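Note sheet for the following structure.
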Amino acid sequence: MGNEHGTLIKSPKQLIIMVFASFFVPLIIILLLMVFVNNGKRTDSSPSTDQLIKPVAQLNFHDASAPREMKTGEEVYKTVCSSCHATGAAGAPKFGDTAAWAPRIAKGYDALMTSVLKGKNAMPARGGSSPDDVSDYELGRAVVYMTTAAGGKFPEPKAPAAPAAK
């Protein structure tokens, strides 16, 4: 009887080609299937790349010589404080949580401002903001905004005096 069944791979070169083909052919098929499936799911309601990166890639240029427009407490809360106080991250008291804020409010506005300006526990000084971006006055307005939402009754801080004209 003769050897009717021979091997398909007769050289090392053919072996290498078959190993690569057995790996890459299924990979290419999977990628093509993924592209086909994703093309069927595209709708106008899915956010574009511009919309996805806008909060990160948005630059806010302003005239440094223009008079500074002071932010409200709510604006400062949204831009600086909400990253931790909205969720309670790192032990921060949640916005509007009366029980968590009560002991802090009892210490008074000055104690809260000291904590904000110098930092406390996981909170960095100034809530991580720069004095060039957010003034002490604006941080004070944010403190009043957050404590008011939790039942505090601190008065709005006094606005800083306008710089004298030269």
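Quick notes
- With a simple spin-label model that places each label point 7 Å from the Cα along the Cα-to-Cβ direction, the separation between THR87 and ILE28 comes to 4.3 nm.
- Modelled spin labels at THR114 and SER130, positioned 7 Å past Cα toward Cβ, are 2.9 nm from each other.
- Mean accessible surface per residue for region 97-153, computed with a 1.4 Å probe while every protein chain stays in place, in Å²: 52
- The shape of region 66-150 comes out prolate: with a ≥ b ≥ c from the C-alpha gyration tensor, a/c is at least 1.5 and a/b beats b/c.
- By average C-beta atoms within 10 angstrom, highest first, the peptides 32-38, 150-156, 110-116: 110-116, 150-156, 32-38
- Taking all protein chains together and a 1.4 Å probe, the residues ARG68, ARG104, ARG141 rank ARG68, ARG104, ARG141 from largest to smallest accessible area.
The values are calculated or read from the model by the stated rules, or taken from the named source; none is laboratory data. Only a predicted model underlies this, so the values are computations on that prediction, with no experimental measurement involved. We place every Cβ from the backbone using ideal geometry, glycine too, and count neighbours over all the protein chains shown. Side chains included, ligands, DNA and RNA excluded: accessible areas come from the protein's heavy atoms. Shrake-Rupley method; radii C 1.70, N 1.55, O 1.52, S 1.80 Å.
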